[in-house]
Structure formats: structure tokens, C-alpha cells
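The structure under discussion appears below in the form of C-alpha cells.
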Amino acid sequence: MERVQGALAGPNEMGRHWGFWVGFLAVIAAGAAAPDYLSRYELLNVSNFLTSVFLALGLCVMWGFCGILSLGQGAFLGLGGYAYGIAGINLIESHGHTWAALGIGLAVPVAVAALLGFIMFYARLRGVYVAILMLVVTLLLETFLNQTAGQGWFIGDAHLGGNNGLGRFSGVIREPPALDFGFGGDIEFNGRSRAFYFLTFGLVVVVYLGLRWLVNSKAGRVMIAIREDAERTEALGYDIRLIQLGVFCLGAFLAGLSGILYVSWESFITPTVFGVQNNILPVIWVAVAGRKSLTATVIGTLVLLWLSQKLAVQGNYALVVQGAILILVMMLLPEGAITGGVARFQALRRRLARRAA
């Protein structure tokens with residue numbers, strides 16, 4: 001138990017005291033009971049918000065803990081979604097091979113990340129060069145997929161559909177299917193079902209705890225060392241290129257998982273997922289909340305997604321407001337609103353304790 005506690009409540013992530021874990025269990029209980037109190041529309045939105053948490057957590061691990069700023073998380077989300085959708089159309093409806101489609105949806109973005117990461121990190125690209133290269137790759141993928149509306153763009157039974165989206169060709173409409181794990185009965189893992197909410201919520205909890213263990217492990221300490229001083233870490237004998245490549249692939253894996261869940265939620269995906277906005281938004285979520293904390297990233301992502309939806313009703317102001325929030329936070333709390341606020345509160349408490357002593 002002490003080893004588990006040390007791994008989950010280590011020094012590299014906020015929330016090391018019993019009060020945090022009591023609150024964590026309360027959130028788990030509230031999340032488990034939420035479908036009984038939310039309307040169908042609200043449950044649909046919450047499920048959609050949860051699918052984006054994996055995208056943000058992947059960027060948090062890459063950027064916040066290993067110093068790899070990527071503007072290409074949307075590329076891996078799109079690759080995962082398209083790969084799962086194409087495999088699902090060909091395998092799930094006719095053969096019921098959900099696990100195969102799921103594996104393909106996760107393997108494709110990881111394989112692409114491994115190739116790009118090998119080129120970038122072993123060529124010693126860092127900082128803004130990685131960010132720019134990934135954004136260019138993402139826009140190239142978007143441009144390519146927008147040109148696939150013709151009848152020649154079939155992969156098996158799946159039509160890429162151009163800007164109309166996967167499976168939306170006017171002559172043969174075969175939409176990407178929802179996840180189906182063969183449990184029988186009426187269990188359907190699509191965005192309209194309670195089962196999908198519980199699946200996504202459970203995955204968020206598991207991934208969050210798994211990443212807490214990672215960042216508090218020896219590997220996590222090496223990642224932070226690379227973030228702070230890559231040259232010194234390499235001088236100590238660590239292969240920083242291999243570590244950066246592994247973290248980059250982990251971020252792609254989580255983004256691909258977001259893409260798979262998004263397709264299962266909506267049974268639809270278009271090339272817009274590769275657009276600039278979908279690559280900039282995760283950076284805003286992570287930076288505003290605090291890129292060096294998984295907990296802050298989860299909270300900040302959900303809050304900003306909720307705010308974005310509320311603003312969308314009033315017009316196309318969501319991205320402008322989120323950009324303004326980013327600028328304000330970077331000016332006042334460069335470490336992020338949540339992590340910076342917690343740090344200042346703890347510093348104030350220590351000063352008050354010293355005065356009282």
C-alpha cells in the first residue's frame with residue numbers, strides 16, 4: 001500500500017494529502033451517479049467533453065512533463081478516428097471484430113508518431129521546430145482528405161468522403177459504427193447511451209491514475225529532467241531521444257483514443273478534425289489550467305469545454321474568449337490558473353504559519 005500511495009501521490013503531481021483523495025472519491029461517486037440526474041442532452045454533452053480529456057492529457061504529458069510542445073494532436077486524433085472508422089465499416093458490421101478495429105485505430109496514430117518522432121528527435125529538432133512541423137503535417141492531412149470525395153477513394157467498403165466526412169458519399173452511405181464489445185442485450189456504446197458515458201468516464205479515471213503513476217515513477221523524473229535541461233540529462237547517460245520518442249508515441253496513443261471515442265460518440269468524422277482550431281485548443285486547455293499538472297489539465301479542459309459550449313450559443317466567440325483567457329492567465333499566472341493559484345495559496349499559508357510561530 002505504501003508503494004502504491006507513493007506512486008500515485010508522489011511529488012510530481014498535485015494532490016498528495018488525504019483531503020485530495022477524499023475529494024477524488026467524491027468526484028468518482030458523483031460521476032457514477034450523474035446519469036441518474038442529467039437529462040439526455042446534458043449526458044450527451046458530458047460524454048463528448050470526456051472524449052477530449054485524453055487529447056489534453058496526452059499533450060500535458062508531452063509538453064508539461066517532457067517539454068515537447070506539439071501542435072499536431074489533432075492529427076493523431078484524426079488518424080485514430082479515421083483508422084477506427086474505416087476498420088469498423090469493414091469489420092464490425094459484417095464480422096463483429098470490434099477489438100480489431102479498436103486496435104487498428106490505436107496502432108495507426110502510434111505508428112505515424114513513431115515515424116515522425118524518429119525523424120524529429122534523432123535529427124535533434126526541439127522547441128518551436130517540432131510544433132511547426134507537426135502543424136504542417138496536420139494541415140497536409142486535412143488538405144489530402146478534403147480531396148477524397150471522388151468514387152475512387154474507397155478502402156474496402158469505406159468511402160473517405162472528402163469534406164463530407166467518412167462514409168457520407170451520396171451513393172453509398174456507410175457510417176462508422178459505434179463500439180460493440182459483444183456484451184449482448186441492449187448495450188450500445190454510442191454517444192446517446194449511458195453505457196458510452198460509463199465507458200468514457202471509467203477510461204478517464206484509469207488513464208488519469210495510470211499517468212499519475214508514470215509521472216511519479218523514475219521514468220517521470222527523467223522526463224522532467226529532460227524538460228528542465230535536456231543537455232545535462234543526456235550527459236548523465238540517458239538516451240533522451242528514445243525517451244522523447246516514447247512520450248511522443250504515448251501522446252499520440254491518447255489522442256488516437258480520443259478520436260476513436262469521438263467517432264463512436266457521433267458515428268461521423270470529417271477532415272475538420274485536422275484543422276488549426278483542433279490543434280490550438282488543446283494547447284489553450286493545458287496552458288490555461290497548468291501544463292505541469294494532470295489534475296489541473298483535466299479540470300481546465302472540462303471547464304473550458306463547458307464555457308465554449310455556452311459561448312457558442314451567442315455566436316462564434318468561443319475561440320476568441322479562450323484566447324483572451326490564455327493571454328490573461330499567462331500575464332498573471334504563467335504556470336497556469338490552477339497550478340499557479342495553488343502554489344500562491346500554499347506560499348501564503350506558509351508565510352502566515354511563520355508569522356504565527
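Val286 satisfies every condition listed in (1) open to solvent by 10 Å² or more (accessible area, probe 1.4 Å); (2) modelled with pLDDT of 90 or more except (1). Return a yes/no flag: does region 146-155 have any residue that is modelled with pLDDT of 85 or more, farther than 13 Å from Pro271 by Cα and in contact with a helix residue (DSSP H, G or I) (Cβ under 6 Å, 6 or more places away or on another chain). The answer is yes, given that some residue of region 146-155 is modelled with pLDDT of 85 or more, farther than 13 Å from Pro271 by Cα and in contact with a helix residue (DSSP H, G or I) (Cβ under 6 Å, 6 or more places away or on another chain). Here Gly341 fits the description: without any contact (Cβ under 8 Å) to a residue 24 or more places away in the chain, open to solvent by less than 50 Å² (accessible area, probe 1.4 Å) and assigned to a helix (DSSP H, G or I).
Test Val204 against the criterion of being at pLDDT below 95, under 20 Å from the mean Cα position of the chain (by Cα) and farther than 27 Å from Met120 by Cβ, and give yes or no. Judged against the criteria, Val204 is not a match.
Let's see how each residue does on (1) assigned to a helix (DSSP H, G or I); (2) in contact (Cβ under 8 Å) with a residue 40 or more places away in the chain; (3) more than 30 Å from Ala83 (Cα to Cα):
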site	(1), (2), (3)
Arg232	yes, no, yes
Ala252	yes, yes, no
Phe268	no, yes, no
Val286	yes, yes, no
Ser308	yes, no, no
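Looking only at residues of region 208-228 that are open to solvent by 60 Å² or more (accessible area, probe 1.4 Å) and not hydrophobic (A, V, I, L, M, F, W, C), we find that the one that is nearest to Leu294 (Cα to Cα) is Arg221.
For region 115-134, the tally of residues that are open to solvent by 40 Å² or more (accessible area, probe 1.4 Å) and not hydroxyl-bearing (Ser, Thr, Tyr) stands at 11.
Among the residues here, Gln322 qualifies as touching a residue at least 12 places away in the same chain (Cβ under 8 Å), touching a Ser or Thr at 6+ places or on another chain (Cβ under 8 Å) and more than 20 Å from Phe65 (Cβ to Cβ).
Taking every residue in region 145-157 that is under 17 Å from Pro176 (Cα atoms) and pairing it with any residue that is open to solvent by 60 Å² or more (accessible area, probe 1.4 Å), at least 6 positions away or on another chain, the pairs with Cβ-Cβ distances below 6 Å are Asp157/Arg174.
The values are calculated or read from the model by the stated rules, or taken from the named source; none is laboratory data. For clarity, every value in this text was computed on a predicted model and none was experimentally measured. Note that we place each Cβ from the backbone using ideal geometry, even for glycine, and neighbour counts take in every protein chain shown. In case anyone asks, the SASA skips ligands and DNA or RNA and just uses the protein heavy atoms, side chains included. Shrake-Rupley method; radii C 1.70, N 1.55, O 1.52, S 1.80 Å.
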